[in-house]
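Asker: Handing you this structure, nothing more for now.
All of the numbers you see were taken from the coordinates with simple rules; none came from a lab. Quick caveat: nothing in here was measured; it's all calculated off a predicted structure. We place every Cβ from the backbone using ideal geometry, glycine too, and count neighbours over all the protein chains shown.
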Amino acid sequence: MDIRDLSVRELSEALEKKELSSEEITRAYLKAIENDEASSEPIHAYVSVRPEDALAMAREADKKRATGQATKLTGIPIAIKDNINVKGYETTCSSKILKGYIASYDATVIEKLIRDHGMVMLGKTNMDEFAMGSSTETSAYGVTRNPFDRTRVPGGSSGGSAAAVGGKLAPVALGSDTGGSIRQPAAFCGCVGLKPTYGTVSRYGLVAFASSLDQIGPITRTVEDAAWVYEAMAGHDPKDATSLSYTPSFTLKGDLKGVRVGVPREFILEGLDPTIKENLDTLIHTLERVGATVVEVSLPHSEYAVPTYYVVATAEASSNLERYDGVKYGYRAQASSLSEMYVKTRSEGFGAEVKRRIMLGTYVLSAGYYDAYYLKALKVRTLIKQDFQRVFEKVDVILGPTTPTPPFRLGEKVSDPIAMYLSDIYTISANLAGIPAISLPSGWTQEGLPIGMQLMGDTLAEHKLLDIAYGIEHVK
Ligand code: GLN
């Protein structure tokens with residue numbers, strides 16, 4: 001048995017039966033991470049790893065297990081995206097501007113998973129700078145490679161988290177999803193990635209990109225693992241003003257008989273890769289074979305999802321990123337006056353994509369353009385939300401591809417922002433609508449690249465969404 005092949009559930013059972021200790025599991029992962037970093041073409045999933053601290057957490061977890069204070073997650077290692085604060089650890093958001101910034105408090109998800117449940121943090125994972133991107137190439141700390149083909153991207157922005165789970169450098173990881181950043185990299189790295197209903201997981205301690213869209217979620221090997229971790233991290237948090245009172249609890253049965261599945265006709269686009277289309281068709285046949293009803297549905301405003309997102313998200317980002325001025329956090333440029341220091345710090349500290357978004361966001365919020373862009377985008381966002389409400393009167397879940405193409409090559413889209421933005425065409429609308437969505441592994445291309453399929457559920461219908469996902473995972 002290779003420890004690194006085990007799911008969270010299997011690890012938990014082995015810990016419970018005392019077949020393994022958390023220290024052994026943690027050591028196996030730390031060794032694998034070290035070997036990867038030393039290899040000629042590393043996956044490079046992590047931006048920081050503190051092995052001694054991880055082992056200390058593991059020994060603590062083993063003590064908890066020995067004294068009967070364990071939950072099912074105690075002692076399981078987890079990787080954390082580097083935009084989530086862990087007290088005493090650097091939070092860089094893979095940006096030069098936050099280099100050297102040490103978090104002074106724990107995010108609520110960290111308090112829950114690590115402090116309360118006793119999960120073991122393996123390290124902080126690489127990402128696109130400030131979570132802006134779809135390939136992890138905008139990181140200031142080097143690219144992350146796809147574990148299944150080192151010449152390709154792992155997706156983004158939670159590319160480090162997905163590559164860690166897909167590349168067996170962590171059994172589970174946390175990502176954040178503003179427009180697809182959990183689901184798209186999960187699809188590219190052969191993992192399960194869950195973007196929960198907006199407001200179910202506290203954003204306290206998550207570095208804000210676009211506050212009305214951001215949501216933390218798990219990246220795992222199985223649906224059940226995602227359910228376990230989601231259960232442990234969700235719940236009302238008074239420290240997050242947008243937090244809902246919802247405590248999920250799952251019993252996964254996976255019965256697909258009678259389930260109504262809607263496939264939006266707008267998702268079958270010209271740019272959809274034929275292998276992915278074929279994979280979707282096969283899945284539809286399988287679902288029908290086991291007694292589900294698959295119907296075509298329409299989300300008429302989905303063609304506006306990408307432009308709407310790039311107005312709303314950049315507007316919010318331009319405001320959220322105002323705080324990085326060289327005074328309060330991280331990097332500070334040398335200058336002879338205060339205003340020169342602001343300008344130099346931001347010019348040197350932010351990368352090109354972040355600057356592009358700050359400029360775009362400032363523009364759409366400016367006095368002369370607010371109504372034409374920002375206000376208009378908010379109205380279209382409402383129409384997109386209403387499309388979903390209408391469809392969920394008729395179906396239990398919406399099914400479609402997670403991404404229009406399999407993982408693309410490193411460098412392929414870096415100089416073409418629009419092409420990069422379009423890789424989120426299927427994921428973005430769930431964030432605009434606030435609904436939950438999950439990406440599931442759905443086989444491989446001929447070249448051995450992972451394919452992901454996405455299920456979207458109604459607001460707070462995670463139980464239904466995960467149960468159907470569990471059914472699909474087991475039917476094949
Ligand atoms: N790729 C999208 C973007 O670049 C989504 C990112 C995310 O979900 N954080 O904004």
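Asker: Which residue, chosen from Ala70, Gly100, Tyr29, occupies the Cα position most advanced towards the positive end of the dipole of the range 21-175, where the dipole is computed from +1 (Lys, Arg) and -1 (Asp, Glu) charges on Cβ about the Cα centre?
Answerer: Checked the options; the winner is Ala70.
Asker: Could you tell me the distance between the Cα centroids of the range 412-476 and the range 60-78, to the nearest Å?
Answerer: Answer, in whole Å: 32.
Asker: How many angstrom separate the Cα center of the range 270-307 from the Cα center of the range 93-117?
Answerer: After rounding, the separation between the Cα centres reads 38 Å.
Asker: Can you figure out the FRET efficiency of Glu393 with Glu322, using R₀ = 51 Å and their beta-carbon distance, to the nearest 0.05?
Answerer: Efficiency for this residue pair is about 0.80.
Asker: Something else: Just add up the charged neighbours of Val414: K/R +1, D/E -1, any other residue whose Cβ is under 12 Å from the Cβ of Val414. Display every interim value, and only then the final one.
Answerer: Working: positive: Arg409, Lys413; negative: Asp128, Glu137, Glu353, Glu412, Asp416.
Result for the local shell: -3.
Asker: Still on this structure, please answer the following. How many nm is it between the label spots at Asp255 and Val475, if each spot is 7 Å from the Cα in line with the beta carbon?
Answerer: Taking the simple label geometry, Asp255 and Val475 are separated by 1.5 nm.
Asker: Could you tell me how far the Cα centroid of the range 335-379 sits from the Cα centroid of the range 181-218, in Å?
Answerer: Cα centres, the range 181-218 to the range 335-379: 24 Å.
Asker: Evaluate the charge dipole of the range 279-326 about its Cα centre and quote only its size in Debye, nearest 20, assuming +1 on the Cβ of each Lys and Arg and -1 on the Cβ of each Asp and Glu.
Answerer: Result for the range 279-326 is approximately 120 debye, rounded to the nearest 20.
Asker: Another question about this same structure. Taking the highest mean first, how do the peptides 305-317, 416-428, 132-144 order by number of other beta carbon atoms within 10 angstrom per residue?
Answerer: On the way: 305-317: 23.4, 416-428: 20.8, 132-144: 25.5.
Averaged packing, sorted descending, gives the order 132-144, 305-317, 416-428.
Asker: Just to verify a number: FRET efficiency for Glu303 and Leu55, C-beta to C-beta distance, R0 = 51 Å, to 0.05?
Answerer: Given R0 = 51 Å and the Cβ-Cβ separation, E is 0.50.
Asker: How do the peptides 12-24, 237-249 rank, highest first, by the average count of neighbouring beta carbon atoms within 10 Å per residue? Please report the intermediate quantities before stating the final value.
Answerer: On the way: 12-24: 17.0, 237-249: 14.4.
Packing order, densest peptide first, comes out as 12-24, 237-249.
Asker: Quick check on packing: order 358-368, 162-172 by the mean number of other C-beta atoms within 10 Å, highest mean leading.
Answerer: 162-172, 358-368
Asker: Just to verify a number: FRET efficiency for Asp371 and Glu24, C-beta to C-beta distance, R0 = 51 Å, to 0.05?
Answerer: Efficiency computed from Cβ-Cβ geometry: 0.25.
Asker: Rule-of-thumb check for the range 90-178: C-alpha Rg over 2.2 N^0.38 Å?
Answerer: Compactness ratio reported: 1.09.
Asker: Compute, for the chain, the length of the dipole vector about the Cα centre, with Cβ point charges of +1 (Lys, Arg) and -1 (Asp, Glu) only. Units Debye, rounded to 20.
Answerer: Computed about the Cα centre, the dipole is about 640 debye.
Asker: Give me the distance in nm between label points sitting 7 Å out from Cα along the Cα-to-Cβ direction at His285 and Arg4, one decimal.
Answerer: Simple spin-label model gives 3.6 nm for this pair.
Asker: Simple spin-label model, 7 Å along Cα-to-Cβ: Arg409 to Ala241 in nm?
Answerer: Label at Arg409, label at Ala241, 4.8 nm between them.
Asker: Ignoring everything except DSSP H segments at least 4 long, calculate the 222 nm mean residue ellipticity for the chain; use -39,500 (n - 2.57) per segment, divide by total residues, nearest 500.
Answerer: Dividing the helical sum by the residues of the chain leaves -11000 deg cm²/dmol.
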